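Each remark here refers to the structure printed beneath this line.
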Amino acid sequence: MASDPVSASNRGEQCSRAASYSVYLGGLHTGTMTRVEAWQGQSAVITSNSHAAILGIATQYQQRAELTWSNTEKAWLTTQFQQQVSGFRSRNMRASFSNNGLDSLVELDGKTTSYHSTQIPLRDVDTLAIQIRELVLQGQQEFSLIRQASDGIEPYQYQVKAPITTQLAPWGELQLIPVEQTGAEDITYYFAPSLDHQLAQARYHGFILQGLIQLESYHSTCKPVSTFLG
């Protein structure tokens, strides 16, 4: 694995990435999501917001996550995050991480619980996406990660598949790299090399309903990185 992060901006550089997505459930457009990454060298703050109607209930999701590069783990780690959800599965959650991401302290609706992972660091969902991108950039084909959920920890396995080509407005024909996630949630992520390997689509393979988020706009002031630095 690389001794320095492939996907980071130069050390000390300030830059940002902003993306907006459409959210679909069962083939119907149900909402929107925005995601902003504010980078300061090898640390970042990621802010995510979404508005959707799920099972007829209006739902709003807000999260602010802080992450940094760990020279010990050679990986992106969450340091802390805050999450608020209203409507469907409403909750108020805060989490902090220590011991190189192996330990977490989660406050959920006023109740505090600690969690521990023996080997793989715990991450929030946004840092998880950053780390998947990092490993794709490094050329990894199979790997395992763990997400810190609101009421437990969820281990996932990943397989990187052969690139595909699809039409995606407003960019036209794009090559996408699929990454299949299996575990508590089965999701396929699609990263676009021509858009600095940003997430272009994510398909949720639910038992009853199929979900999709699809990139609608993307803007970056960060220097693009498309090769493994070694």
- Item | Rounded to the nearest 10 Å², the accessible area of SER144 at probe 1.4 Å | 60 Å²
- Task: Just reorder HIS219, HIS197, HIS51 by solvent-accessible area, largest first, 1.4 Å probe, all chains present.
- Result: HIS219, HIS51, HIS197
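Taking Cα atoms of the chain, Rg/Rh with Kirkwood Rh, to two decimals?
Numbers: Rg = 17.0 Å, Rh = 18.1 Å.
Across the chain, the Cα-based Rg/Rh ratio is 0.94.
Rounded to a whole number, what % of the accessible area of the chain do carbon and sulfur atoms account for, probe 1.4 Å?
Of all accessible area on the chain, carbon and sulfur atoms account for 50 percent.
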- Item | Binned Cα-Cα distance frequencies in region 130-230 - 10 Å width, integer % | 14, 44, 34, 8, 0
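Top to bottom by accessible area (1.4 Å), largest first, where do ARG64, ARG35, ARG91 land? All intermediate terms of the calculation are to be shown ahead of the outcome.
Working: ARG64 100, ARG35 35, ARG91 55 Å².
The residues order as ARG64, ARG91, ARG35, largest area first.
Rounded to whole Å and sorted largest first, what semi-axes of the equivalent ellipsoid does the C-alpha gyration tensor of region 149-205 yield via the square root of 5 times each eigenvalue? If you can, show how the numbers build up before the last one.
Numbers: eigenvalues 127, 26, 17 Å².
In descending order the semi-axes read 25, 11, 9 Å.
Sort SER90, SER117 by accessible area with a 1.4 Å probe, largest first.
Numbers: SER90 70, SER117 10 Å².
Heavy-atom accessible area, descending, gives SER90, SER117.
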- Message: Tell me the per residue accessible area of region 26-155 using a 1.4 Å probe; a whole number in Å² is fine.
- Response: 46 Å²
- Treating only Lys and Arg (+1) and Asp and Glu (-1) as charged, each at its beta carbon, one finds that the chain has a dipole about its Cα centre, in Debye to the nearest 20, of 240 debye
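The values are calculated or read from the model by the stated rules, or taken from the named source; none is laboratory data. Note that this is a predicted model, so its numbers are computed, not measured. We place every Cβ from the backbone using ideal geometry, glycine too, and count neighbours over all the protein chains shown. Ligands, DNA and RNA are stripped out before the accessible areas are found, and what is left, the full protein with its side chains, is counted by its heavy atoms. Shrake-Rupley method; radii C 1.70, N 1.55, O 1.52, S 1.80 Å.
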